[in-house]
Amino acid sequence: MGSACSRKRGQLVHEDELYSVRFSKSGSFKWLLHTLSRSSSDVLRKAQRPGPGHCPSLVELCVARVREDISRYSDFSMLPRDLSQQIFNELVEWSYLTEESLEAFRDCALQDICLEEYPGVKDAWMEVVASQGQSLLSVDISCSDVTDSGLDVLKDCSNMQSLACNYCDQISEHGLKTLSGLSNLTSLSLKKCAAVTAEGAKAFADLVNLVNLDLERCPKIHGGLVHLKGLRKLETLNMRYCNCITDSDMKYLSDLTNLRELQLSCCKISDIGVSYLKGLSKLAHLNLEGCAVTAACLEAISGLASLILLNLNRCGIYDEGCENLEGLVKLKVLNLGFNHITDACLVHLKELVSLECLNLDSCKIGDEGLLHLKGLLQLRSLELSDTEVGSNGLRHLSGLRNLQSMNLSFTLVTDIGLKKVAGLNSLKSLNLDNRQITDNGLAALAGLTGLTHLDLFGARITDSGTNCLRYFKELQSLELCGGLITDAGVKNIKDLKALTLLNLSQNGNLTDRTLELISGLTALVSLNLSNTRVSNAGLHHLKLLQNLRSLSLDSCKVTASEIKKIQLASLPNLISVRPE
Amino acid sequence: MAAPAPAQHREAEEEAEEMAGVVKLISAEGFEFFVDKKAAMVSNTLRNMLTSPGGFAETREGEVRFPEISTAILEKICQYFYWSLHYSSGKETAEFPIEPEITLELMMAANYLDT
C-alpha cells in the first residue's frame, strides 16, 4: 500500500541550503525547524540552555535576577552600556520586554536593538529606540506594526550600520525617505516591503556605504533599481521572488562590480537580463532559480570567473549551449535540477573538478551520463532523484569517496546497483525511496555505519531486512513506509537512540506494541505512525518522548481527545498533532 | 628525586603551587576577606592579577584592594566564588541566592571582576 503514498520534496531549493548540504530534506521536518523560534514555549528554551556542566557567571545570574524582578526597575541608564545591553537582550529572549519595561532603557546608549518578530512592537516603542542616539548601531524591527512616523524618529541615529524592517507592511514610500539620512548603513533589509517602488527606492541612492541589501519579495520594485546604480560598494543583493523585476531593470546592476552574491530567483528576467551581468567579475554566487532563462544565458555567465555557486534550478535549459559551463572551473555548487538536459550536457561538467554539490533532480539523464561525473572527486552531495539513472550507472560513482549525501529516489536503481555504492563510507544521507529496493539491497549497505539520514519511504523492506538497521547507530532520521514492517521489525529500530525523526506510517500491521518498543527513543522530535493499528490504549507509551514536537496518527484507532490528554499531561513540546 | 621530573610533571606541580594558599580581598571600607586562591581565580580579573608573572604587586603580596566594592557586595562575591567551585564539581545544585536590593550593584562588581 505504500506505493500510493509516494511524495516529492519541497518545490524550491534554497541554494544556501544546498551549499551547506543539509540533510533535513523531507518537507515535514523542515517545517519543524522553522518553528524553533520565539513562539515556542519557555520549557523548550530552558531545555536548550547549557546543561549542568556550564556554571553560570555571576553577571549572568544577576541579569536573570533583574529579568525576574523587572517591574522593580525604571531606569538602567546609570549602568555601563554592556550591562544594560545584556539585560535588554535577556528580556527580549525571554519575551519579558513590554512597552513599560522598555522605558527603563531610555538613554542607555544601547548599540543593538533586535526586536525581530517581537510581539507588540509599534510606533510608541520607537522613541526609546531612538533615544540611544549616536550609540545605536543596529536595529531590527521586522514583522512589527511600526509606521512611517515610527521610522522617522530614527533619522537622528545616523551612526546606524544595520537596519532590518522585513515584513513591515505599515511603512509607505513616503516613510522610506527617512532612510536616505542614514548614510552609514552598510546593511539594509526590507523583505516583502510594498513601499519599495520606483519612487520609494529613491532613498537608496544616498546609501553609498551599503554592502548588503535585501529586497526579497518586494512586489512593486519594478523601475526602482535605477537608484541602486551608484551603490558601488554593494556585495550582496537579494531580490528573490521579486516577480515584477524584468530585463529592463537589470541594466542598472551592470556597474555594481563589487557584487559577490546576487539572488534573482523567480524574477521575470530572460537571457537578455542576464547579459547585463557580464562584467560582474567578483560574482561568486548567482541564483537564477525559476527564471525564464535558457542555456543561451550561459554565454554571459561563462565569463564570470569567480563563480562558486550557480543555481539554474527550474529554468529552461536544454543541452545546446551547455558547453559554456566548461570554463566555470571554480564552481562548487551547481544546480541544474528540473531542466531538459540529457547525458549530452553532463560531458561539459567533466572538468568541473571543484564541484561539491550537484543537483540533477528530474533531468533526462541516465547511466551513460554518470560516466562524466566519475572524476568529480570533491562531490559531497549528488541529487539524482526522478532521473533515468539505473543500477548500471552507479558503478561510475563508486570512486566518489567524499559523497556525504545522495538521492536516488524515483530512479531505476535496483538492489544490484546498491552494491556499487556500498563502499562510499562517507555517506551520511541516503534517499532510496524507490519500489525496486528490497531487503537484499539494504543488506548490501550494512557497512555505511556513518549514515545519519536514511529514507526508505517506498522501498519494499520487510522485518528481516530491518536487521541491518541495527548497524546504523548514528541514524537521526528514518523513513520506512513500504507497508511490510510489523512489530517484530521495530525491535531492530528501538535501540537507534539518536533518532529525531521516525516515519513508519503505512505499515498496516503495526500495533501498540510498536509504541511500547519505541518508548525509549527519547530524542524523537517527529513521529509518524499514520495508517497503522496503533490505538488509544497504547498512547501512554509516548509519555517519555519529551522532545516530541510533531505526532501524526491519522487513520489509526486513536481519538483526538485521547491524544490531547497525553499532550497536556506529559508532552509539553508537542505542537503539531494529527488527528486534531 | 634522582632524575629530573619530566616537563609535563613540572608544569602540573607549578600549577598546583599557583592554586595553593589564600589571598586577602579588601573592601572599600577596609574589611578583609581571606579566600582560597583557587576560589578567587573564579574571577578572570583576579586570575590575571594573581598569575601574571611579576606584573602586579598583588601577585607578590597576595592581597587585592577594591576601593569601589562595598563590604556587603564583596562578601556576596566571595560566596559566589565558592558556590561556583561547588557547582562546577557537581556538588552544588541549589540556586545562588541574589537579593533584589543588591542585584545591580552586584552585577557591576561582577562585571568588573569578569566573573
**Asked** When you look at the Cβ of every residue in B:81-87, what mean number of other chain Cβ atoms sits within 10 Å?
**Response** 2
**Request:** Output the relative contact order of chain A, whole-number percent, from Cα pairs under 8 angstrom with separation of 6+ residues.
**Result:** 6
**Fill in**
Rounded to the angstrom and largest first, Cα extents along the principal axes for the range A:500-561 equal 24, 21, 19
**Request:** From other protein chains only, count the Cβ atoms within 10 Å of every residue's Cβ in B:96-106, then give the mean.
**Result:** 5
**Spin-label model distance (nm) - B:Asp114 vs A:Ile272, 7 Å beyond Cα toward Cβ** = 6.3
**Message:** Please enumerate, by chain and number, the lysines with C-alpha under 29 Å from the C-alpha of B:Lys76, excluding those fewer than 8 residues away in the same chain.
**Reply:** A:Lys46, B:Lys24, B:Lys37, B:Lys38, B:Lys91
**Prompt:** Which whole-Hz couplings ³J(HN,Hα) result when phi for each residue of the range A:519-531 is put into the Karplus expression 6.51 cos²θ - 1.76 cosθ + 1.60, θ = phi - 60°, listed in order with x for Gly and Pro?
**Reply:** 5, x, 7, 6, 7, 4, 9, 9, 9, 10, 10, 4, 6
**Request:** Please give the calculated 222 nm ellipticity per residue for chain A, where each DSSP H segment of at least 4 residues contributes -39500 (n - 2.57) and the sum is spread over every residue; nearest 500 deg cm²/dmol?
**Result:** -5000 deg cm²/dmol
**Item:** Rg/Rg_globular for the range A:398-463, with Rg_globular taken as 2.2 N^0.38 Å and Rg from C-alpha atoms
**Value:** 0.99
**Asked** Quick one: what do you get for chain A if you divide its Cα Rg by 2.2 N^0.38 Å?
**Response** 1.09
**Complete:** A correct fewest-to-most ranking of A:Asp69, A:Asp214, A:Asp156 by other Cβ atoms within 10 Å would be A:Asp69, A:Asp156, A:Asp214
**Prompt:** Among A:Glu117, B:Glu32, what is the fewest-to-most ranking by other Cβ atoms within 10 Å?
**Reply:** B:Glu32, A:Glu117
**Asked** Amide H neighbours of A:Gly366 under 5 Å, counting only residues 5+ apart in sequence or on other chains, H built in-plane at 1.01 Å?
**Response** A:Asp343
**Prompt:** Taking A:Lys268 as the anchor, which lysines have their alpha carbon closer than 21 Å to its alpha carbon, excluding any fewer than eight residues away along the same chain?
**Reply:** A:Lys191, A:Lys192, A:Lys220, A:Lys229, A:Lys251, A:Lys278
**Request:** Return the tail of the calculated pair distribution for the range A:116-214, meaning the percent of Cα-Cα pairs more than 16 Å apart.
**Result:** 50
**Asked** What ranking of A:Glu383, A:Glu100 emerges when the number of other C-beta atoms within 10 Å of each C-beta is taken as an exposure proxy, fewest first?
**Response** A:Glu100, A:Glu383
**Message:** What distance in nm lies between label points placed 7 Å from Cα along the C-beta direction at A:Glu100 and A:Thr462?
**Reply:** 6.9
**Message:** Modelling each spin label as a point 7 Å along the Cα-to-Cβ direction, I'd like the A:Ala488/B:Gln79 distance in nm, to one decimal.
**Reply:** 6.5
**Request:** Calculate the mean, over all residues of peptide A:60-68, of how many other protein chain Cβ atoms lie within 10 angstrom of the residue's Cβ.
**Result:** 6
**Asked** With a sphere of radius 10 Å drawn around the Cβ of A:His174, what net charge do the other residues whose Cβ falls strictly inside it have (Lys, Arg +1; Asp, Glu -1)?
**Response** -3
**Fill in**
Cα-Cα longer than 20 Å, checked against A:Lys330/A:Lys428; A:Lys155/A:Lys233; A:Lys473/A:Lys494; A:Lys543/A:Lys565, kept in input order, equals A:Lys330/A:Lys428; A:Lys155/A:Lys233
**Request:** Please express the shape of the range B:23-113 as an equivalent ellipsoid: the semi-axes are the square roots of 5 times the eigenvalues of the C-alpha gyration tensor, given largest first in whole angstrom.
**Result:** 22, 17, 11
**Fill in**
A student asked for the Cα radius of gyration and Dmax of the range A:60-110 in angstrom ought to give 9.5, 24
**Mean separation of Cα contacts under 8 Å, 6 or more apart, over the residue count of the range A:454-567: relative contact order %** = 21
**Fill in**
Stretched fully, the stretch from A:Tyr318 through A:Ala537 gains (0.36 nm per residue minus C-alpha distance, one decimal, in nm) 73.2 nm
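All of the numbers you see were taken from the coordinates with simple rules; none came from a lab. Quick caveat: nothing in here was measured; it's all calculated off a predicted structure. Here the Cβ is made from the backbone with ideal geometry for all residues, glycine too, and neighbour counts use every protein chain on show.
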